[in-house]
Amino acid sequence: MKKNLAIYLVCVLVCCMMTSSAFAHSGRTDSSGGHNCSAKSQAKGLCTGYHTHNGGSSSSSSSSSSSSSSSTPITKVNVINNQYAPYPHCKKVEDRYTSSDTYYNYYERVWDCNYYTDSGQIYTNLDLNLSINNKTFTPSKSLISINDTSYIALRDFSKAFGFSLSIASNEDIILKKNKNKLLIQNTTYKIYLNGTYTDVKAVKANDSYYLPLRPAMKWVNGKITSVDQSTVHVSVK
């Protein structure tokens, strides 16, 4: 009886060992107590990839966590110097990159503060009055300078020298005084005196037509006698 019991216990133990081995898979472990899963074990669904035994830590999991933490991108903030226009008429050209550090990108904003005619010529405003036969005339619009040539606004010219001003049906500009007639073509800006081209053109800027000052003085039988810091002196016969 005792012999049969012993045989029975041995059989039970062997069965348990066989059952345990059926759920295990082959493969040596590394110093961390883990190894890569073999193709056969993966096919049986016993494991996937690298894993550990006996409480070992997974270097793959640790490496993945470390990599994820170290690769988190830093969103840099853009810092723009000279951000606001120095004058109301200035236009932004670009934000020019200058440098960066760990947390910031630095840019310098570039502004274009030139004045431009409708045709793209750069002009400057002149802070000058007119003195006509020793009588001061203050223009409603500043005289302007383009390539060292001074210009006077059309309406200021007509007022200062007594010309009437009208607009033809084709939008040409007509100025008249006594027998003299000035015509400014709307499309070409060419200036005609009594039907003859004067070889000069008007310019358009700031929503106004401008006439070159020295030629305009000839059209009124006058001339510029002198220019000081604040005044253009004109003599008209």
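The values are calculated or read from the model by the stated rules, or taken from the named source; none is laboratory data. Every value quoted in this text rests on a predicted model; they were computed, and no experiment measured them. Quick reminder, even Gly has a Cβ in these numbers, built from the backbone with ideal geometry, and neighbours come from all protein chains shown. Quick note on the areas: whole protein, heavy atoms, side chains included, nothing else; ligands and nucleic acids left out. Shrake-Rupley method; radii C 1.70, N 1.55, O 1.52, S 1.80 Å.
Just wondering, is there one or more residues in the range 175-196 that are touching a residue at least 12 places away in the same chain (Cβ under 8 Å), open to solvent by 80 Å² or more (accessible area, probe 1.4 Å), of a type in the set (A, V, I, L, M) and part of a strand (DSSP E or B)?
Checked against the condition, which is being touching a residue at least 12 places away in the same chain (Cβ under 8 Å), open to solvent by 80 Å² or more (accessible area, probe 1.4 Å), of a type in the set (A, V, I, L, M) and part of a strand (DSSP E or B), the range 175-196 yields no hits at all.
Across the range 202-226, what is the number of residues that are part of a strand (DSSP E or B) and not polar (S, T, N, Q)?
Final tally of qualifying residues: 10.
Among the listed residues S99, S166, S131, identify the single one that is in contact (Cβ under 8 Å) with a residue 40 or more places away in the chain, farther than 16 Å from P212 by Cα and assigned to a strand (DSSP E or B).
S131
Sort out which residues of the range 102-125 are under 22 Å from Y189 (Cα atoms) and either free of Cβ contacts under 8 Å to residues at least 12 places away in the same chain or open to solvent by less than 60 Å² (accessible area, probe 1.4 Å) (or both), and write them in order of number.
Those that are under 22 Å from Y189 (Cα atoms) and either free of Cβ contacts under 8 Å to residues at least 12 places away in the same chain or open to solvent by less than 60 Å² (accessible area, probe 1.4 Å) (or both): T117, G120, Y123.
Does S140 qualify as being touching a Lys or Arg at 6+ places or on another chain (Cβ under 6 Å), among the small types (G, A, S) and open to solvent by 40 Å² or more (accessible area, probe 1.4 Å)?
Judged against the criteria, S140 is not a match.
Which one of D156, D199 is assigned to a strand (DSSP E or B), among the acidic types (D, E) and under 24 Å from S235 (Cβ atoms)?
D199
So the check is Cβ under 8 Å with 6+ separation or different chains; which pairs have a first residue in the range 79-94 that's at negative phi and free of Cβ contacts under 8 Å to residues at least 60 places away in the same chain and a second one that's β-branched (V, I, T) and open to solvent by 70 Å² or more (accessible area, probe 1.4 Å)?
Close Cβ pairs (under 8 Å, with a partner that is β-branched (V, I, T) and open to solvent by 70 Å² or more (accessible area, probe 1.4 Å)) amount to N81/T98.
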